[in-house]
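Here is the structure we will look at, set down as structure tokens.
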Amino acid sequence: MTHRFFYEGSLDDALLQLDGSEAHHLLHVLRMKVGDEVLLFNGTGIEAEGQIEKTGRKTVDIKVVRRHEIEAETQVPLILATAVPKGDRFRWLVEKAAELGVTRLVPLTTERSSVDPGENRLKKLQQTIVSAAKQSGQIRLMELAPLQALSDFLKEIDPAEQQLLIADPQGVAWTERNLSGPEASAAGVVILIGPEGGFSAEEVQAAEDAGAQAVQINAGILRIETAALLMAGLVRLP
């Protein structure tokens, strides 16, 4: 199997130079040599097949053989807006969401939120997203948005264009949710996941006023990351 590497930038040039962590992985982990074939992607839906032409201590020159743009995905756009779990569980959530093909992940602050990931931590998670895309074969990188208040996020949602679902133990069963709205026309799905302790009654009401449908996905109480990935996985089912 041809190894995939992330290249940050345009793939238009005939000769591309790989550096940083991707070059290190190619040179010192995989121990690839001149003449070996590689596949580069830049997270925008474009891939470039190439051959290693020259290796240095920290860089790799790759001659592009052919390029191709992947056709538009048939899956609906999926936005996952979620409270932030504690510790390393958030990194794990970001990684698995990227593997599932979530389009955009929005960290939320809510009335019962207790975790602020911080701007620097969010930046560091970009490499986690790249690694997840490489591992899972995703051709587009998931966008990790800045931390945002739930109230502000709800103002951005257009119920005429997007199906908005909020996880709520008092909601309808997943199998009974309304499928006659935007979800049926592949306009996009937005999932709202609350913090430990759940959304407040006022927050659920605000989401429903914004066009959300409250859905129950499990009889028990799930952790933030479990509920988020379960709902994302259900949306991504063929």
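The values are calculated or read from the model by the stated rules, or taken from the named source; none is laboratory data. Keep in mind the model is a prediction, meaning the values are calculated, not measured. Backbone-built Cβ (ideal geometry, glycine too); neighbour counts: all protein chains shown. Please note that ligands, DNA and RNA were not included when accessible areas were found on the heavy atoms of the full protein model with its side chains. Shrake-Rupley method; radii C 1.70, N 1.55, O 1.52, S 1.80 Å.
Structure notes:
- Some residue of the range 82-89 being under 17 Å from residue 150 (Cα atoms) and either open to solvent by 60 Å² or more (accessible area, probe 1.4 Å) or of a type in the set (Phe, Trp, Tyr) (or both): no
- Tally, over the range 55-68, of residues that are open to solvent by 10 Å² or more (accessible area, probe 1.4 Å) and either under 18 Å from residue 136 (Cα atoms) or in contact with a Leu (Cβ under 9 Å, 6 or more places away or on another chain) (or both): 9
- The condition of being basic (Lys, Arg) and either within 20 Å of residue 134 (Cβ to Cβ) or touching a His at 6+ places or on another chain (Cβ under 7 Å) (or both) does not hold for residue 89.
- Of all residues in the range 209-238, those satisfying the criterion of being open to solvent by less than 40 Å² (accessible area, probe 1.4 Å) and either closer than 17 Å to residue 104 by Cα or assigned to a helix (DSSP H, G or I) (or both) are 224, 225, 227, 228, 229, 231, 232, 233, 235, 236.
- Among the residues examined, residue 93 does not qualify as surrounded by 17 or more Cβ atoms within 10 Å (Cβ to Cβ), outside any loop (DSSP other than H, G, I, E, B), at pLDDT 95 or above and touching a Lys or Arg at 6+ places or on another chain (Cβ under 9 Å).
- Residue 104 vs. criteria in contact with a strand residue (DSSP E or B) (Cβ under 8 Å, 6 or more places away or on another chain), at pLDDT 95 or above and surrounded by fewer than 20 Cβ atoms within 10 Å (Cβ to Cβ): yes
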